[in-house]
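One structure is given below, encoded as C-alpha coordinates.
The values are calculated or read from the model by the stated rules, or taken from the named source; none is laboratory data. If you're wondering where the values come from, they're calculated on a predicted model, not measured in any experiment. So basically every Cβ, Gly included, is an ideal-geometry build from the backbone, and we count neighbours across all protein chains shown.
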Amino acid sequence: MRDATERDSTRIRDIKAARTLALARRAEGAAAPERATFPYLVCTCGDDRIGLPLASVAQVLPGRPCTPVPGTAPALSGYVALSGRIVPVIGLARALGRPDASDGTRDHLVVLRREPPVALSVGRALAIVRAVQDGAQPEGEDGSLGNGSASAYVPAAEGSLDFTIIDPAQVLRRVIA
(Lines give C-alpha, C1' and ligand atoms only; values in the text may rest on other atoms or scores of the structure.)
Protein backbone atom coordinates (compact mmCIF):
# COMPACT_ATOMS: atom_id res chain seq x y z
CA MET A 1 0.00 0.00 0.00
CA ARG A 2 2.86 2.31 0.79
CA ASP A 3 4.38 1.71 -2.68
CA ALA A 4 1.04 2.56 -4.33
CA THR A 5 0.81 5.83 -2.40
CA GLU A 6 4.37 6.77 -3.40
CA ARG A 7 3.63 5.94 -7.05
CA ASP A 8 0.48 8.08 -6.95
CA SER A 9 2.40 10.93 -5.34
CA THR A 10 5.18 10.68 -7.95
CA ARG A 11 2.62 10.48 -10.74
CA ILE A 12 0.77 13.59 -9.45
CA ARG A 13 4.09 15.49 -9.17
CA ASP A 14 5.04 14.48 -12.76
CA ILE A 15 1.63 15.54 -14.08
CA LYS A 16 1.93 18.94 -12.34
CA ALA A 17 5.46 19.44 -13.73
CA ALA A 18 4.33 18.58 -17.26
CA ARG A 19 1.34 20.88 -16.94
CA THR A 20 3.54 23.71 -15.68
CA LEU A 21 5.89 23.27 -18.67
CA ALA A 22 2.97 23.19 -21.11
CA LEU A 23 1.54 26.41 -19.63
CA ALA A 24 4.97 28.08 -19.77
CA ARG A 25 5.39 27.13 -23.44
CA ARG A 26 1.93 28.44 -24.26
CA ALA A 27 2.75 31.78 -22.62
CA GLU A 28 6.03 32.02 -24.55
CA GLY A 29 4.26 31.44 -27.86
CA ALA A 30 1.43 33.85 -27.10
CA ALA A 31 1.46 37.05 -29.10
CA ALA A 32 2.33 40.21 -27.25
CA PRO A 33 -0.68 42.41 -26.62
CA GLU A 34 -1.22 44.86 -29.43
CA ARG A 35 -0.45 48.46 -28.54
CA ALA A 36 -2.73 51.22 -29.72
CA THR A 37 -1.43 53.33 -32.58
CA PHE A 38 -2.46 56.83 -33.53
CA PRO A 39 -2.28 58.56 -36.93
CA TYR A 40 0.01 61.56 -37.37
CA LEU A 41 0.51 63.97 -40.25
CA VAL A 42 4.28 64.07 -40.72
CA CYS A 43 5.62 67.39 -42.06
CA THR A 44 8.99 69.00 -42.52
CA CYS A 45 9.84 71.93 -40.31
CA GLY A 46 13.24 73.26 -41.33
CA ASP A 47 15.59 70.26 -41.10
CA ASP A 48 13.26 68.37 -38.74
CA ARG A 49 10.26 66.12 -39.25
CA ILE A 50 7.34 66.73 -36.96
CA GLY A 51 4.13 64.80 -36.46
CA LEU A 52 0.81 66.50 -35.79
CA PRO A 53 -1.99 64.32 -34.39
CA LEU A 54 -4.29 63.72 -37.35
CA ALA A 55 -7.31 64.33 -35.12
CA SER A 56 -6.20 67.97 -34.81
CA VAL A 57 -5.86 68.52 -38.60
CA ALA A 58 -8.83 69.79 -40.61
CA GLN A 59 -7.12 70.12 -44.00
CA VAL A 60 -3.80 70.54 -45.78
CA LEU A 61 -3.49 73.20 -48.48
CA PRO A 62 -0.72 74.44 -50.75
CA GLY A 63 1.12 77.40 -49.27
CA ARG A 64 0.01 80.87 -50.30
CA PRO A 65 1.13 84.42 -49.58
CA CYS A 66 0.02 85.85 -46.25
CA THR A 67 -0.92 89.41 -45.47
CA PRO A 68 1.55 90.45 -42.75
CA VAL A 69 0.42 92.45 -39.76
CA PRO A 70 3.02 94.76 -38.19
CA GLY A 71 3.57 94.58 -34.45
CA THR A 72 2.44 90.97 -34.00
CA ALA A 73 4.33 87.98 -32.61
CA PRO A 74 7.27 86.90 -34.79
CA ALA A 75 5.72 83.46 -35.29
CA LEU A 76 2.58 84.99 -36.84
CA SER A 77 3.29 85.00 -40.57
CA GLY A 78 0.11 86.90 -41.32
CA TYR A 79 -3.46 86.20 -42.40
CA VAL A 80 -5.02 84.38 -45.36
CA ALA A 81 -8.60 84.11 -46.60
CA LEU A 82 -9.88 80.52 -46.52
CA SER A 83 -13.46 79.67 -47.42
CA GLY A 84 -14.61 83.21 -46.73
CA ARG A 85 -12.87 83.44 -43.34
CA ILE A 86 -9.76 85.34 -42.30
CA VAL A 87 -7.37 82.80 -40.77
CA PRO A 88 -4.10 83.54 -38.92
CA VAL A 89 -1.05 81.63 -40.18
CA ILE A 90 1.58 80.59 -37.64
CA GLY A 91 5.05 79.76 -38.96
CA LEU A 92 5.68 76.47 -37.17
CA ALA A 93 9.48 76.68 -37.36
CA ARG A 94 9.48 80.17 -35.80
CA ALA A 95 6.92 79.11 -33.17
CA LEU A 96 9.20 76.24 -32.16
CA GLY A 97 12.25 78.51 -32.03
CA ARG A 98 13.90 76.95 -35.09
CA PRO A 99 15.32 78.76 -38.10
CA ASP A 100 12.73 79.24 -40.82
CA ALA A 101 14.27 77.68 -43.94
CA SER A 102 11.07 78.23 -45.91
CA ASP A 103 11.22 79.93 -49.27
CA GLY A 104 7.42 80.22 -49.41
CA THR A 105 7.03 78.46 -52.75
CA ARG A 106 6.83 74.82 -51.64
CA ASP A 107 5.14 75.25 -48.28
CA HIS A 108 1.91 73.73 -47.07
CA LEU A 109 -0.69 75.17 -44.75
CA VAL A 110 -2.09 72.78 -42.16
CA VAL A 111 -5.45 74.11 -41.01
CA LEU A 112 -6.15 72.97 -37.47
CA ARG A 113 -9.50 71.55 -36.40
CA ARG A 114 -10.57 74.24 -33.94
CA GLU A 115 -12.66 77.37 -33.64
CA PRO A 116 -11.64 79.94 -34.66
CA PRO A 117 -9.51 78.24 -37.32
CA VAL A 118 -5.73 78.66 -37.33
CA ALA A 119 -3.26 77.45 -39.95
CA LEU A 120 0.31 76.29 -39.41
CA SER A 121 2.84 76.96 -42.15
CA VAL A 122 5.08 73.91 -42.57
CA GLY A 123 7.74 73.03 -45.14
CA ARG A 124 6.01 70.03 -46.72
CA ALA A 125 3.32 67.63 -45.63
CA LEU A 126 5.00 64.27 -46.26
CA ALA A 127 2.75 61.42 -45.13
CA ILE A 128 0.26 60.08 -42.65
CA VAL A 129 1.96 57.61 -40.31
CA ARG A 130 0.46 55.41 -37.60
CA ALA A 131 2.67 55.20 -34.52
CA VAL A 132 2.62 54.26 -30.86
CA GLN A 133 3.07 57.30 -28.66
CA ASP A 134 5.16 55.75 -25.92
CA GLY A 135 8.65 56.55 -27.17
CA ALA A 136 8.99 59.83 -25.27
CA GLN A 137 12.48 60.65 -24.06
CA PRO A 138 11.86 63.42 -21.50
CA GLU A 139 14.50 66.12 -21.45
CA GLY A 140 12.90 69.14 -19.82
CA GLU A 141 11.76 69.36 -16.21
CA ASP A 142 8.15 69.33 -17.41
CA GLY A 143 8.72 65.97 -19.19
CA SER A 144 8.76 67.56 -22.64
CA LEU A 145 11.45 67.30 -25.28
CA GLY A 146 12.91 70.64 -24.44
CA ASN A 147 10.59 73.31 -25.81
CA GLY A 148 7.28 72.39 -24.21
CA SER A 149 5.52 71.70 -27.51
CA ALA A 150 7.14 68.35 -28.32
CA SER A 151 5.76 65.37 -26.46
CA ALA A 152 7.57 62.33 -27.89
CA TYR A 153 10.07 61.12 -30.44
CA VAL A 154 8.95 58.32 -32.76
CA PRO A 155 11.91 56.38 -34.18
CA ALA A 156 11.78 55.15 -37.77
CA ALA A 157 10.24 51.72 -38.27
CA GLU A 158 10.23 49.52 -41.35
CA GLY A 159 9.47 51.81 -44.30
CA SER A 160 8.42 54.65 -42.01
CA LEU A 161 9.77 58.08 -41.09
CA ASP A 162 11.13 59.16 -37.73
CA PHE A 163 9.55 62.30 -36.30
CA THR A 164 8.85 64.32 -33.18
CA ILE A 165 5.24 64.58 -32.06
CA ILE A 166 4.13 68.17 -31.61
CA ASP A 167 1.08 69.27 -29.64
CA PRO A 168 -0.60 72.03 -31.72
CA ALA A 169 -2.45 73.38 -28.67
CA GLN A 170 0.89 73.93 -26.90
CA VAL A 171 2.28 75.72 -29.96
CA LEU A 172 -0.74 78.04 -30.07
CA ARG A 173 -0.51 78.75 -26.32
CA ARG A 174 3.14 79.76 -26.76
CA VAL A 175 2.41 82.06 -29.70
CA ILE A 176 -0.80 83.61 -28.44
CA ALA A 177 0.38 84.11 -24.82
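Applying the condition of being in contact with a helix residue (DSSP H, G or I) (Cβ under 6 Å, 6 or more places away or on another chain) and either hydrophobic (A, V, I, L, M, F, W, C) or closer than 15 Å to GLN59 by Cα (or both) to segment 72-87 and asking which residue is surrounded by the most Cβ atoms within 10 Å (Cβ to Cβ) yields ALA75. For SER83, the criteria (1) polar (S, T, N, Q); (2) modelled with pLDDT of 90 or more; (3) over 30 Å from PRO155 (Cα atoms) hold in every case but one, which is (2). When ALA22 is tested against (1) modelled with pLDDT under 85; (2) assigned to a strand (DSSP E or B), exactly one condition is not met: (2). Answer with yes or no whether GLU115 is at pLDDT 85 or above, over 18 Å from CYS43 (Cβ atoms), over 17 Å from the mean Cα position of the chain (by Cα) and not hydroxyl-bearing (Ser, Thr, Tyr). Answer is yes for this residue. Scanning segment 63-85 for residues that are in a loop (DSSP other than H, G, I, E, B) and hydroxyl-bearing (Ser, Thr, Tyr) yields THR72, SER83. Cβ-Cβ contacts under 6 Å between residues 6 or more apart (or on different chains), taken from a first residue in segment 150-177 that is part of a loop (DSSP other than H, G, I, E, B) to a second residue that is at pLDDT 85 or above, are listed as PRO155/ASP162; ALA156/ASP162; SER160/VAL129; LEU161/VAL42; LEU161/ARG49.
Here ALA169 qualifies as modelled with pLDDT of 70 or more, over 14 Å from CYS45 (Cβ atoms) and in the same structural domain as ALA93 (by TED's automatic domain parsing).
Among the residues of segment 131-144, is there at least one that is in the same structural domain as VAL57 (by TED's automatic domain parsing), closer than 27 Å to GLY63 by Cα and modelled with pLDDT under 80? Break it down into steps so the answer makes sense when it comes.
Our first condition is that a residue be in the same structural domain as VAL57 (by TED's automatic domain parsing); within segment 131-144, this holds for 131-144.
Adding the requirement that they be closer than 27 Å to GLY63 by Cα leaves 131.
The next check asks that each one be modelled with pLDDT under 80; those that pass are none.
Within segment 131-144, not a single residue is in the same structural domain as VAL57 (by TED's automatic domain parsing), closer than 27 Å to GLY63 by Cα and modelled with pLDDT under 80.
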